[in-house]
1. Under 9 Å between Cβ atoms, at least 6 apart or on separate chains: pull out the pairs that start in the stretch 102-122 with a residue that is closer than 18 Å to Met26 by Cα and assigned to a helix (DSSP H, G or I) and end on any residue that is of a type in the set (Gly, Ala, Ser) and open to solvent by 60 Å² or more (accessible area, probe 1.4 Å).
2. Taking Val381 as the residue in question, decide whether it is assigned to a strand (DSSP E or B) and either among the hydrophobic types (A, V, I, L, M, F, W, C) or open to solvent by less than 30 Å² (accessible area, probe 1.4 Å) (or both).
3. Determine whether the stretch 364-376 contains at least one residue that is touching a Lys or Arg at 6+ places or on another chain (Cβ under 7 Å), modelled with pLDDT of 85 or more and among the β-branched types (Val, Ile, Thr).
4. Could you grab me the full set of residues in the stretch 94-128 that are under 18 Å from Asp48 (Cβ atoms), among the acidic types (Asp, Glu) and either modelled with pLDDT of 80 or more or open to solvent by 90 Å² or more (accessible area, probe 1.4 Å) (or both)?
5. Phe91 - would you say it is more than 23 Å from Pro43 (Cα to Cα), touching a strand residue (DSSP E or B) at 6+ places or on another chain (Cβ under 8 Å), surrounded by 11 or more Cβ atoms within 10 Å (Cβ to Cβ) and not aliphatic (A, V, I, L, M)?
6. From the list Val311, Val403, Val318, Val342, which one is among the β-branched types (Val, Ile, Thr) and over 23 Å from Val231 (Cβ atoms)?
7. All but one of (1) open to solvent by 70 Å² or more (accessible area, probe 1.4 Å); (2) outside any strand (DSSP E or B) hold for Glu301; which doesn't?
8. Checking Asp360 against (1) exposed (fewer than 14 other Cβ atoms within 10 Å of the Cβ); (2) modelled with pLDDT of 85 or more, which test does it fail?
Amino acid sequence: MEENLNLIETFAEFKEFKNIDRETLMRILEDVFRSALTKKYGPDANFDIIVNVDRGDLEIQRYREIVEDGEVENDFTQIALSEAIKIEPDFEVGEEVMEKIRLADFARREILTLRQNLITKVMEYEKDLVYKKYEHRIGEIVSGEVSQVWRKEILIQDEEGVELVLPKAEQIPADKYKKGDTLTAVVLRVDVHSSTPLIIISRTAPTFLERLMEHEIPEISDGLITIKNVVRAPGERAKVLVESYDDRIDPVGACVGMKGSRIHSIVHELRNENIDVINYTSNIELLISRALSPAKISSIEINEENKTANVYMKSDQVSLAIGKGGYNIKLASKLAGYDIDVFRDDVVEEEDVDLDEFKDEFDGWVIDAFKRIGCDTAKSVLAISRNELIQRTDLEEETVDEVLASIKKELDIE
C-alpha cells in the first residue's frame, strides 16, 4: 500500500462535490484525520499532517520521544531505545523518532468512520457555502432550469446546480412551466430546513418587478430615476411610483419607452400584467388622483388622521376607478397609503331610489355585487346594459334579471 494517503482517489465520492475547491477539500481532510488520530492515539500524541494540494494527497508523520528500555510510560508519545534503533541504528535517548502513518495502520472500521466523517464535513461545507451565497443575494434576480414541477412548488437548478424552490404562492397565476424550461425570479429568502438551506424564489414579489425595470431601463440602473414604491396584483395589474431628480427627464416616458418598447418585455415576463407607471408627488391629493387613473376625479376629501380618502367622480368614472376585480382601487390605496372610498357626485333626482331599499327582496351579497361596480342607486343600475351587468357583477343571469325587474317595477318603468 502507498505510504501517502491519496484520499481524493480513495474516497471517490469527492468527485461529486462540484462547489468545493481542492485546497478547501484538503484542509477538511486534514481536520478530519487530526480528529481521528487524536481519538486513536490520544490527545498527547505528536503528529504532523502534510497536505499536498497539487498532488491531492496527504502524509501523516508521527513523532515519539526515545526513552530507556523499561521507562516507557505512554506508548503513544514514547518509544523504547531498543525499538528506535531498529528504525535507525544511530538513534539515542532523548531524540525523536519520526514514523509515517499509513492507511494500513487503520482498522477497517476506522477507515469507514473516516470516510463517513469526510463526506459529512464536505456536505456541511457545501451547505454553508450555498447559504452564505444566497443570503447575500436576497432581492436579486436569478435564472435557472426547471428540474421538477409539482402541484405545490417548482424546483429549479441554477448554473452551479444549486436547487431553488418556487412555491405555488410565489407563482403568477398564469405561469405554466415544464421540465427543461428556463425560469426567472427574484430571491425572496433563505430558510434552513433540517440544517439544509432552502432557497425560496418569487415571481409575485414587488421586488421582482422592480429588478426587471432596473434591468430594462438604463435611467433606473444609472440612478437618474428612482422607484419609490411598487404594488402588484400578480398577473393582473401593478402600479409603479417613480421619481426623477433631473427635470429634463420624464420618468414615466423613460420607463414606458417609445410606443411601450421598454415596458413590453417586462409585461411579457409578468404574463401580460398591466403596469401603470406613475409620477411621484408629495401632494397626496394629486398622488391619489394619478393612482386612480384612468378614472377622472371631481374632488377628494382627505382625512390625515385616519389615513382615509373620499373620492368623488361622475357615475361613468366609478367603474374605471374600481377596475376589473377591484384591482385598480386596491392598488391605488396601497400605493398612496390611504384607504380610498369612491362616491358618485351626480345629482340624484328625487325619483331615484337607493339600492339598499331592495334589501328586503334580495340578499345583501347581491346588493353588494352591484355596489362594487359603482351602482348604488336604482337608476345607476339601469344606466348599464344587462350583458355588462352580468359580466361585471359576476352574478347569475336570472339574479340580474330579477333585480332589473324589481327596479323597473319600483320606478314604474315598462
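The values are calculated or read from the model by the stated rules, or taken from the named source; none is laboratory data. From a predicted model like this one, the values you see are computed outputs, not experimental measurements. No Cβ is skipped: glycine too gets one built from the backbone with ideal geometry, and neighbour counts run over all protein chains shown. These area figures cover heavy atoms from the full protein model, side chains too; ligands, DNA and RNA do not enter into them. Shrake-Rupley method; radii C 1.70, N 1.55, O 1.52, S 1.80 Å.
1. Hits for this filter: Asn117/Ser35.
2. So Val381 does not fit the description; no.
3. Yes, the stretch 364-376 contains at least one residue that is touching a Lys or Arg at 6+ places or on another chain (Cβ under 7 Å), modelled with pLDDT of 85 or more and among the β-branched types (Val, Ile, Thr).
4. Scanning the stretch 94-128 gives Glu95, Glu96, Glu99.
5. In short, yes.
6. Numbers: Val311 fails: over 23 Å from Val231 (Cβ atoms); Val318 fails: over 23 Å from Val231 (Cβ atoms); Val342 fails: over 23 Å from Val231 (Cβ atoms).
It is Val403.
7. With (1) open to solvent by 70 Å² or more (accessible area, probe 1.4 Å); (2) outside any strand (DSSP E or B) applied to Glu301, the lone miss is (2).
8. (2)
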